[in-house]
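A short worksheet on the structure shown next.
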Amino acid sequence: MSTPVPGTEPAPILEALGITKSYNGVPALRNVDFSVRAGEVHALLGENGAGKSTLIKILSGVTLPDGGKLRLGGHSLRLRTPLDALSSGIATVHQELSLVPHLSAAQNMWLGHEPGRRLGLINFRSVRQAAAEICQRYGVSLNLDAWIGDLPLAEQQVVEILKALAWNPQVLILDEPTSALTAQYADWLLGLLRSLAQAGVAIVFISHRLAEVMEVADRITVLKDGSLIGSVLRSEVHEGDLVRMMVGRELKDIFPAKADPRQIDSAPVILRAVGLRSGRALRDVSFELRRGEIMGIAGLEGQGQHELMLALFGTLPLDSGDLFLAGDQIAVHNPRQAIRHKIALVPVDRRTEGLVMPLSVQQNLSLPTLRERSRWGLVQGEKEKHDMVGMASNLAIRARGLGAPVRTLSGGNQQKVVLGKWLLLHPSVLLLDDPTRGVDVETRRELYHRIRSLAEQGTAVLVRSTDTMELVGLCDSVLVMYEGAVVTRLTGEQITEANIVASAVGAFSKGMALNAQ
């Protein structure tokens, strides 16, 4: 599958040669070679756990390799710290944000090398001016004076990217940079990468979105189980070729078969929302979610989809409206009440909202249901371990044992832990807020089939996704929101990408639904 690179190509600017790395005797990288040239976008692909993040950490000075060597511009390079990498001209945008919530966007952008600093004192006016200049240079508008923690996740990600660019790097590494971006910002970033490459910057780009890779990459390298599978020219492969390289087989039936619409229509209503209102975020939202139904929530970014999920879980106060569970009116003013009614939420940000990163896999899995395995305030260790081993096996969670800190898991396996801890609750309503963000193609397939299996067992599922095709392939019905209100409900053959997009911009009609088939 690997295509040799012609010998006439320019020499790499950054090389990793024979890199090996193990954790507690478990190999993460096995004799991996990787290089990137000035002026090219080199995509790095592989399933979660393939070794991509480990390689990136080595290239950015976060982790030392056990073996192998690095070269920059033909000269030996040893990176002991991230500052070593930055000083060498290598800047990295990691998958997880590294921002300080209670500093402004401008201060975060120049954190650690503030312009105008004298005698250890920071000139905040110079910092603000420099941040405005870099925004103008790269064509983006942000509220630079807002605390970063108050900005939407997509804008925080933009600040993270600009923070790396502020070092004026000759090598820019981006690990899943679009997973938190809106479609508009993702388009901005892909255009920016092309411009940077044309200016001579070497770019390493990691993404699980193959369409992005095919749009922007010049070369593509695939890792699997810590080993190099091959490097190919983007012009010589199709998405199917890349999938086969990543998973080792043809990937079929990524989405499971949908439920019979007649079965859904005749099923009892599990969750009924009537006239939900919350400030400007939600305006008179009403819907019915039936037993065994997977209902999608779609719309342009910031139209109330995320807030609806929070309101149903009790983390966003409602000004008015009623909720009914299996016909009985319920109050959900906080997550504790939601859990009591067996309503579970898999949040959009697994690291800060879904997991306690220093705790083990077992401890994270057991958190919502500790009471069920406790007597006299003490956790029954054997029962807890038995239940957790069963769930980890059921979801095929790949970890170095249940005692491993959850922070050591790949993104896809962390997401499985977030899902698994709620499955132990046996929820009647499962809320999934962008559940496959930053998850590889094979793990997505596993999650889709697990979600459908839960629905077949009677769970009512509500899923918000920024991936329109995910909604098309997975959901039995789709609600489209605009300015905090539900404007369209799509079912059956109406659920198409064209109809979802048309509804999101207010252009949907029954005629369009028919013409789109």
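Things to note:
- Rg [Å, one decimal], Dmax [Å, integer] - the chain, C-alpha atoms: 23.9, 73
- Summed over the residues of the chain and divided among them, the accessible surface reaches 45 Å² per residue at a probe radius of 1.4 Å.
- Pairs of Cα atoms nearer than 8 Å and 6+ residues apart set the relative contact order; for the chain it is 16 percent.
- Label point distance in nm, Thr20-Asn123, each placed 7 Å from Cα along Cα→Cβ: 5.2
- Each Lys or Arg adds one and each Asp or Glu subtracts one; over the other residues with Cβ under 13 Å from the Cβ of Lys163, this totals -3.
- 3J(HN,Hα) couplings calculated from phi for the stretch 18-27 with the Karplus curve 6.51 cos²θ - 1.76 cosθ + 1.60 (θ = phi - 60°) are, in sequence order, x, 6, 10, 7, 10, 10, 6, x, 9, x Hz; Gly and Pro show x.
- The translational diffusion coefficient of the stretch 51-120, from Stokes-Einstein at 37 °C and 0.692 mPa s with a Kirkwood hydrodynamic radius over alpha carbon pairs, comes to 235 µm²/s.
- The chain: angle of helix 153-165 to the longest principal axis, Cα-based, in degrees nearest 10: 0
- Taking a Cβ cut-off of under 10 Å around Val463, the surrounding Lys, Arg, Asp and Glu residues balance to a net charge of -2, with basic ones at +1 and acidic ones at -1.
- R0 of 22 Å, Cβ-Cβ distance Gln184-Arg489: FRET efficiency to nearest 0.05: 0.30
- Relative contact order for the stretch 148-221: 33 percent, from Cα pairs under 8 Å spaced at least 6 residues apart, divided by residue count.
- Nitroxide proxy distance, nm - points 7 Å out along Cα→Cβ at Asp84 and Asp66: 1.9
- Computed over the stretch 43-189: relative contact order in percent, which uses C-alpha pairs under 8 Å that are six or more apart: 27
- Fraction in percent of alpha-carbon pairs per bin - 10 Å, the stretch 62-194: 12, 40, 33, 14, 1
- Taking the longest Cα principal axis of the chain as reference, the axis of helix 183-198 is set at about 10 degrees.
- The chain, helix-only ellipticity at 222 nm - DSSP H runs n ≥ 4, -39,500 (n - 2.57), divided by all residues, nearest 500: -9500 deg cm²/dmol
- Charge sum, other residues only, whose C-beta stays under 11 Å from Pro347's C-beta, Lys/Arg counted +1 and Asp/Glu -1: 0
- Whole-Hz couplings from phi, Karplus 6.51/-1.76/1.60, listed for the stretch 52-58; x for Gly and Pro: 4, 5, 5, 4, 5, 5, 5
The values are calculated or read from the model by the stated rules, or taken from the named source; none is laboratory data. Just so we're clear, the structure is a prediction, and the values are computed from it rather than from any experiment. Note that we place each Cβ from the backbone using ideal geometry, even for glycine, and neighbour counts take in every protein chain shown. Remember, those area values only see protein heavy atoms, side chains included, never the ligands or the DNA or RNA. Shrake-Rupley method; radii C 1.70, N 1.55, O 1.52, S 1.80 Å.
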